1. Within 10 Å, count the other beta carbons around each residue, average over each peptide in A:296-306, A:210-220, B:287-297, and list them highest first.
2. Percent relative contact order of chain B, based on C-alpha pairs within less than 8 angstrom and at least six residues apart?
3. Of the peptides A:76-86, B:342-352, B:245-255, how do they stack up when ordered by the mean number of other Cβ atoms within 10 Å, highest first?
4. Shape of region B:153-228 from its Cα gyration tensor (a ≥ b ≥ c, root eigenvalues): rounded if a/c is under 1.5, otherwise prolate when a/b > b/c, or oblate?
5. Cysteines without a disulfide-compatible partner in chain A, using Cβ under 4.7 Å as the rule?
6. What is the Cα radius of gyration of region A:168-277 over 2.2 N^0.38 Å, N being its residue count?
7. Under 1.5 on a/c is rounded, so check that first for chain A, then, if it is not, pick prolate when a/b is larger than b/c and oblate when it is not; a ≥ b ≥ c are the square roots of the alpha carbon gyration tensor eigenvalues.
8. Share of antiparallel DSSP beta bridges in the protein assembly as shown, in percent to the nearest 5?
Amino acid sequence: MFNLEVSHKTNSIQQIRYVCAIAAMHSASAIPGVIPIVHCGPGCADKQFMNLAFYNGFQGGGYGGGAVVPSTNSRELDVVFGGENRLRELIKASIKILDADLFVVLTGCISDLVGDDVGSIVREFQDQGVSIVYAETGGFKGNNFTGHELVVRAIIDQYVGDYDGPKKQGSVNVWSLLPYHNTFWRGDLTEIKRILEGIGLTVNILFGQESKGVAEWRDIPKAQFNLVLSPWLGLQTAKHLEDKYGQPFLHVPVIPIGGKETSAFLRKVTHFAELDIAKAEVFIKEEEKQYYHYLEGFSDFYAEYWWGLPAKFAVIGDSGYNLALTKFLVNQLGIIPGKQIITENPPEEYRAAIRKQYQTIAEDVFTDVEFEEDSYAIHQKIRQTNFGHKPPIVFGTTWERDLAKELKGAIVEVGFPASYEVVLSRSYIGYRGALTLLEKIYTTTVGASA
Amino acid sequence: MKINLKTPVVESREQRLGTIIAWDGKAADLSKESAYARGNCENTCGDKARRLCEMEGPFTQGSVCSEQMVECQAGHVRNAVLIQHSPIGCGAGQVIYNSIYRNGLALRNLPVENQHVICTNLLEEDMVYGGAAKLEQSIRDAWERNHPKVIFIATSCATGIIGDDVDGIASQMEVELKIPVIPLHCEGFKSKHWSTGFDATQHGIVRQIVRKQPKKQEDLVNVINLWGSDIFTPMLAELDLRVNYVIDLATVEDLEQLSEAAATVGFCYTLSSYMAAALEQEFGVPEIKAPQPYGFAGTDAWLRELARVTNRVEKAEAYIAREHARIAPRLAELRELLKGKKGYVATGSAYAHGLIAVLRELGVEVDGSLVFHHDPVYDSQDPRQDSLVHLVDNYGDVPFFSVSNRQQHQFYGLLKRVNPDFILIRHNGLAPLASRMGIPAAPLGDEHHSLGYQGIINLGESILDILAHKKFHQDLAAHTKLPYKQWWLDQKDPFVLAKESKLGNKEEPSYV
């Protein structure tokens, strides 16, 4: 049935794992009180919403996303004569009808191809004091990861603006998971904020319900530093902020999962931000006490469950979770890495550094990582992997459900698209999220016993 | 008017049928203004589109495009591959339609698998130099990977604008691979309503898959549907008829034999209009011209017409009598339980006409409903298919009947006007707003749920289930804020902006 030869890489993408730049409308609607306006064909907003925010953990559209999003729904006339007037009309009406602190205009393929001057239309409104910015996010220009950085940059440059006042010691802007694309971003950002506050920081988390909305964004320039907590996403933003506001940044590629990694992360931040070490250690100690209390209970199961547990794993997903999970599975649980495939097409310039993280995943464990976006090729690679004497546990997406069955292994859907997970506040990172992750992994495994 | 199968590009709904997407008034008035009721309209409208007055306002929210409908039809043919010739964003749809495909297969007891859809992933340089080579490559990949019986190609807004020669590449690859390679022209900007995407898929199937020298199968009935549960097999077995389900979850072989059937039926004329008419025109497969099979009146008439066309009148009468008697006791109970309840339907056009009929059979009051678009006439142009007139004549008028293409901002006012206890929906985006207003929704994922005699009972039971959900929605409504300004929420007329812009803007609003 399957041709097991991995054919040469082509342009084809079967079973997508990222979407296009206009999907960064979710980066706008992820900020409380912000509503995106899209200037594109009639189906674009629905496509991005239904796939990123609905059939991916059933997260929901929230206040200003989903079916709320104003769209020009461009028609043939807008292609032939340009869509500028239609956009102007829609912005006017949106201001009249919708209650938003900030509008973010995003363009699609049609506008970017016919060359609408969206900037000058948006400036007309900015000049009248309307809180509105724009980003050109035509689908052929990049994916939703690069679109996210475009939207962030648009808000910083066009809305937050210049600042040369004093900085607030002990405050940080966090740039981490991609909202909505990462199925667990809401719970995860909550945990990141919680632990950073625990060591004494004031945290601008910026996205999600823990964010204070545009007021928090206006505080970005006042922060002492930027924290980029991801393998590469957010680095461009941090460099821009370094230039624009003279803010230093700390780059931590591994999103921490579990006691060991999270404590190390917090000590790194404490050191960088020159926080009160004693105070931070009190927090770390208390968190570890809780964490290891539960881990001790879990250890009875982990040490002597009769019916076998997976010994090798595969991770298929974007680099943020991929690296974080690999680190946790290898170092906390002692599971053997089988195959890691990164799927979001990270810019070439970051790949060597990402690879190095895998090669040094533990003092005594060497592994590697591959970059592939096409699920057909990804599944062939997994099929060709030798997982040893028993089936692996696959950390992947809905696309791997049948593959896991074929391998007689277990599947944990941890990334886009996760169409068979319902996710509200669940987190898989930090101290608390790690415990939830353990519950998920082993409920899946044990649940398949009989 | 003849369906034109000569060109690879389908004529849009608005060109063929005069489709509109914004209207507000009484259902009876809309039916009068539509082509059927005006009888011979050739003098005023010409050969093609009927003209209905349509509103157009400045504010619109994201809708749906034709390409999405191609994905959910051509992308769900089991031994075919669909290629999306587009940037990666159009590929987003692979997620939802895969989930629907898998769940649909499971519902139909077919082997569950991921759908076969490939995106050509066009980038900026392709916008400059064209995407032809990538399309050709993806067609080869599709062949190498899946050895499909058919390859469909969906175009996109981007390829429509840059003008890739999709037809030329398809013809060339068809010769090389010796299987049908079918371009489906479905650029989102080309039609104001996404149902044109249904027609685009059906156009391609009739042109390039359906057997041109059919061997008639006198007991085979084409059922044009989506992923719904298999209720037609037992129902048609009562008449000694076999079912050929198309397009979703069908095989290419099922599509090939469309021309051999004794008749074509559907669950909704919005979906089946084009292909049913084309099959009759090209291959003499009669389309059943009757009300849709909803409620007693519709189902009785539909079965009788199907029986007449397939020469099975006696069997039908016996079945009809048995079914009436069978469901009567529970129906009486349901009517009692649902007494005084008010419902609202928000679905595709012809389907809504059917659902309102079922609600009224159940004794549920329906003061208002909306359809996403309205076709003044279907492709057959046969008045026996006038589903709106059937509704109004048999079940009475709907005083607040609106055409609104998934515009959530209007939905608030539309619901306030009639204050329903629950809504029936298909398609996403509206139920979340109703929920925040404290109103539960029954999402009809299985489109066959309310069809036929058993469908009356099914819908009644489902309404009882969702009325219980009211607790959840009312609790939520008390703790949530809508994104609309109070000024808008206070508007009595959900179409006020369209009416204002027609009169000319009186005053510019202040922006800040």
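1. Top of the packing list down: B:287-297, A:210-220, A:296-306.
2. 18 percent
3. Per-residue Cβ counts within 10 Å, averaged per peptide and sorted highest first, yield B:342-352, B:245-255, A:76-86.
4. It comes out oblate by the Cα gyration axes.
5. A:Cys20, A:Cys109, each lacking another Cys Cβ under 4.7 Å.
6. Compactness ratio reported: 0.98.
7. oblate
8. 10 percent
Here, each number is a calculation from the coordinates, and none is a lab measurement. Computed from a predicted model, the values in this text were never measured in an experiment. Glycine also receives a Cβ, built like all others from the backbone with ideal geometry; neighbour counts cover every protein chain displayed.
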